[in-house]
Structure formats: structure tokens, C-alpha cells
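Chemist: Please find one structure pasted underneath; my questions will follow.
The values are calculated or read from the model by the stated rules, or taken from the named source; none is laboratory data. Everything quoted here is computed from the prediction, not taken from an experiment. All Cβ positions, even for glycine, are placed from backbone atoms using ideal geometry, and neighbour counts span all protein chains on display.
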Amino acid sequence: MKSTCMPARCLCAPAGSPPVRALLTAGVLFLAGCAGTTEVKIDSLSKPKAEEAISYSIRSANPLVAEDSLRYKEAVGFVKTALSGKGLYEAPDAQKADIVVNLDYGIGPAQLRHETYSEPVYITVPGAQHMEMTIIGRDKNGNPIYGTVTVQDPPKEEMAGFQDHVVTRIVYEKYLHLTARDNKPAEEGRPPSEIWTIDATSEGESHDVRKNLPIIVAATIDYIGKDTHGQKTIHIKDTGPDVAFIKKGI
């Protein structure tokens with residue numbers, strides 16, 4: 001929105017002034033989200049009676065990830081904890097598990113995001129003028145002589161509009177894919193049927209998968225074996241109880 005003030009008199013109000021501070025804070029929240037929270041997008045599908053499959057074994061769905069690596073084992077620990085939160089347990093014998101949970105996680109390539117926020121523009125408005133009775137002198141006996149003078153109130157600042165700013169950020173998408181299939185041999189070259197699946201993604205400036213993974217996993221707990229009927233966006237506290245539960249492990 002363009003300012004209607006005279007160019008010579010337009011200025012951005014000091015950042016410490018209350019109205020501007022509130023609006024700038026809103027802009028910062030728009031760009032970065034509430035401090036201490038992570039936005040996670042969840043899309044899950046499930047078959048009827050998916051909750052009846054309670055024992056599982058986990059396998060890597062990414063052939064490039066070594067299952068004996070410490071990073072993969074840490075990710076598996078997070079997922080096992082999430083599954084335990086829904087009453088599932090790891091089968092002592094993988095061959096006898098109800099389902100096989102295929103795990104894939106990682107980070108996508110850097111992407112540019114252009115975001116616009118508005119900053120208020122203020123103008124200085126001259127104070128109003130009014131007449132006041134005041135002492136303008138004294139007579140020869142020292143008595144005050146009164147008269148009226150024109151007095152102008154101090155100037156004040158008024159918001160004239162908003163100025164848009166475009167911020168370009170580099171962001172990365174961290175993802176977690178879990179697919180639970182019947183623990184049965186493939187038939188006629190077709191993989192076993194899916195029981196449930198979860199896709200969870202979180203976009204942000206951080207490219208530290210290890211830091212973000214327990215938060216993303218924690219966001220999936222309520223959707224294991226459930227159907228979201230489309231993508232849902234949730235906000236989870238980075239230090240909330242679900243994240244603490246995932247980090248603590250089983």
C-alpha cells in the first residue's frame with residue numbers, strides 16, 4: 001500500500017514505539033513461525049482395522065542408508081518410540097510380525113522462498129493550534145496584563161499506510177515416510193498390501209535432519225494407523241511432551 005504523505009515528511013517510526021513493535025513482531029512471526037514451534041505437514045492413509053496389526057519389524061526403505069549406521073539406528077529408535085505410543089511393539093521374531101514398517105527419512109535440496117511482509121509508514125502531523133489566555137506584560141505597578149496568544153500543540157505521528165518488503169529465504173524440506181505392509185511374501189511380483197502409511201514433512205531454514213527428526217516423528221504419533229483424509233498442518237512445540245517422549249526412547 002502506498003503512503004499518501006509528502007515524501008519529505010514520511011518516515012518509518014522508531015522500532016521501539018509500541019504500535020510498530022507489535023506489527024513488526026507479527027511480521028517476524030509470519031516469516032519464522034512462533035518461536036519454539038515447528039510446522040509439520042501430515043498426510044496419512046490406513047485400511048479398516050489397521051489397529052489390529054500391533055507387532056512389527058522395521059526395515060529401511062532407502063537402499064542408500066546403511067541399517068547398521070548410528071544415524072539410522074537413532075532414527076529407528078525414534079520411530080519405535082512413536083509406535084509404542086500407539087500400543088504397537090517390535091516382534092521378537094521379525095518373521096512373525098504382523099506388519100513390516102518401511103522407514104525412509106532425509107532432507108530435500110535447498111529451495112528459495114520469497115515472502116512478503118508489511119511495515120507501517122508514519123507521517124509527522126503538526127499539532128493543533130488554539131488560543132490561550134496568558135500574561136503578556138505588567139503595568140507600572142507590577143500587575144499582570146493578560147492577553148491571548150496562539151499556541152501550537154506538539155507534533156504527533158500517525159500511520160499513513162504500509163510498505164511491503166520481500167524477504168528471500170533458503171529453506172530445506174525434512175521428510176519422514178513410514179509405510180506399514182502385511183508381513184507376507186509378495187504375490188505375482190506385487191508387494192504385500194499396505195496397511196497404513198504416513199508422510200510427514202517440515203520446511204525451514206535448518207538443514208539439520210538429526211535435530212528436526214524427533215520433532216517430525218513426534219508429530220506423527222496421533223496419526224499412526226489413522227486416515228487424515230488429506231494433508232493436515234500441525235504446529236508442535238519443540239520442547240513439548242510428545243517430543244520429550246520421543247527423545248527419551250523406550
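Chemist: Of all strands (runs of 3 or more DSSP E) completely enclosed by the range 98-182, which ones contain at least 1 residues that are over 19 Å from the mean Cα position of the chain (by Cα) and closer than 30 Å to T197 by Cα?
Modeler: 99-107, 156-182
Chemist: Right, another one. If you take the residues in the range 183-196 that are among the acidic types (D, E) and not in a loop (DSSP other than H, G, I, E, B), which one is farthest from A219 (Cα to Cα)?
Modeler: At the first step, the residues of the range 183-196 found to be among the acidic types (D, E) are 187-188, 194.
Next, from what is left, pick out any that are not in a loop (DSSP other than H, G, I, E, B): 187, 194.
Numbers: E187: 34, E194: 21 Å.
Filtering the range 183-196 for residues that are among the acidic types (D, E) and not in a loop (DSSP other than H, G, I, E, B), the one farthest from A219 (Cα to Cα) comes out as E187.
Chemist: Is it the case that I221 is closer than 16 Å to L178 by Cα and modelled with pLDDT of 95 or more?
Modeler: Taking the combined requirement at face value, the residue satisfies it.
Chemist: Could you tell me how many of the residues in the range 67-97 are farther than 24 Å from S206 by Cβ and in a loop (DSSP other than H, G, I, E, B)?
Modeler: 10
Chemist: With E39, E67, E90 as the choices, which residue is in contact (Cβ under 8 Å) with a residue 60 or more places away in the chain and among the acidic types (D, E)?
Modeler: Being in contact (Cβ under 8 Å) with a residue 60 or more places away in the chain and among the acidic types (D, E) holds for just one of E39, E67, E90, which is E39.
Chemist: Then there's this: Look at V28 and say whether it is at pLDDT below 50, surrounded by fewer than 16 Cβ atoms within 10 Å (Cβ to Cβ) and assigned to a helix (DSSP H, G or I).
Modeler: Judged against the criteria, V28 is a match.
Chemist: Kindly indicate the residue of the range 220-249 that is touching a Ser or Thr at 6+ places or on another chain (Cβ under 8 Å) and assigned to a helix (DSSP H, G or I) and also nearest to K174 (Cα to Cα) among those meeting that condition. Step through it out loud before you land on a result.
Modeler: First pass over the range 220-249, keeping only residues touching a Ser or Thr at 6+ places or on another chain (Cβ under 8 Å): 220, 223-228, 235-238, 245-246, 248-249.
When the remaining residues are screened for being assigned to a helix (DSSP H, G or I), the result is 220, 223, 245-246, 248.
Working: T220: 14, Y223: 18, F245: 20, I246: 17, K248: 21 Å.
Only one residue fits best here, namely T220.
Chemist: I want to confirm something. Restricting to the range 197-209 and keeping residues that are assigned to a strand (DSSP E or B) and small (G, A, S), which single residue is surrounded by the fewest Cβ atoms within 10 Å (Cβ to Cβ)?
Modeler: G204
Residue-by-condition table, conditions (1) on the phi < 0 side of the Ramachandran plot; (2) crowded, with 16+ Cβ neighbours inside 10 Å:
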position: K156; (1), (2): yes, no
position: M159; (1), (2): yes, no
position: F162; (1), (2): yes, no
position: V167; (1), (2): yes, no
position: T179; (1), (2): yes, yes
position: E188; (1), (2): no, no
position: I195; (1), (2): yes, yes
position: K211; (1), (2): yes, no
position: P214; (1), (2): yes, yes
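Chemist: Before we move on, is K174 surrounded by 10 or more Cβ atoms within 10 Å (Cβ to Cβ), modelled with pLDDT under 95 and closer than 30 Å to S55 by Cα?
Modeler: No, not satisfied.
Chemist: Return the pairs, sorted by first residue and then second, in which the second residue is surrounded by 13 or more Cβ atoms within 10 Å (Cβ to Cβ) and of a type in the set (F, W, Y), the first residue lies in the range 109-121 and is under 30 Å from K156 (Cα atoms), the beta carbons are less than 8 Å apart, and the residues are 6+ apart or on different chains.
Modeler: Sorted first by the residue in the range 109-121, then by its partner, the pairs are Y117/F30; S118/F162; E119/F162; P120/F162; V121/F162.
Chemist: May I pose another question? Here is a list of conditions, (1) in contact with a Ser or Thr (Cβ under 9 Å, 6 or more places away or on another chain); (2) of a type in the set (D, E, K, R); (3) within 17 Å of D104 (Cβ to Cβ), and E115 meets all of them except one; can you say which number that is?
Modeler: Exception for E115: condition (3).
Chemist: Sort out which residues of the range 97-145 are surrounded by 11 or more Cβ atoms within 10 Å (Cβ to Cβ) and closer than 30 Å to P191 by Cα, and write them in order of number.
Modeler: Result: A97, D98, I99, V100, V101, N102, L103, D104, Y105, G106, I107, G108.
Chemist: Also: Find the residue count for the range 65-96, including only residues that are buried (at least 16 other Cβ atoms within 10 Å of the Cβ) and charged (D, E, K, R).
Modeler: The number of residues fulfilling the criteria is 2.
Chemist: How many residues are surrounded by 13 or more Cβ atoms within 10 Å (Cβ to Cβ) and more than 22 Å from S202 (Cβ to Cβ) when one looks only at the range 35-58?
Modeler: 8
Chemist: Could you tell me whether the range 201-211 includes any residue that is touching a strand residue (DSSP E or B) at 6+ places or on another chain (Cβ under 9 Å) and under 21 Å from Q95 (Cα atoms)?
Modeler: no
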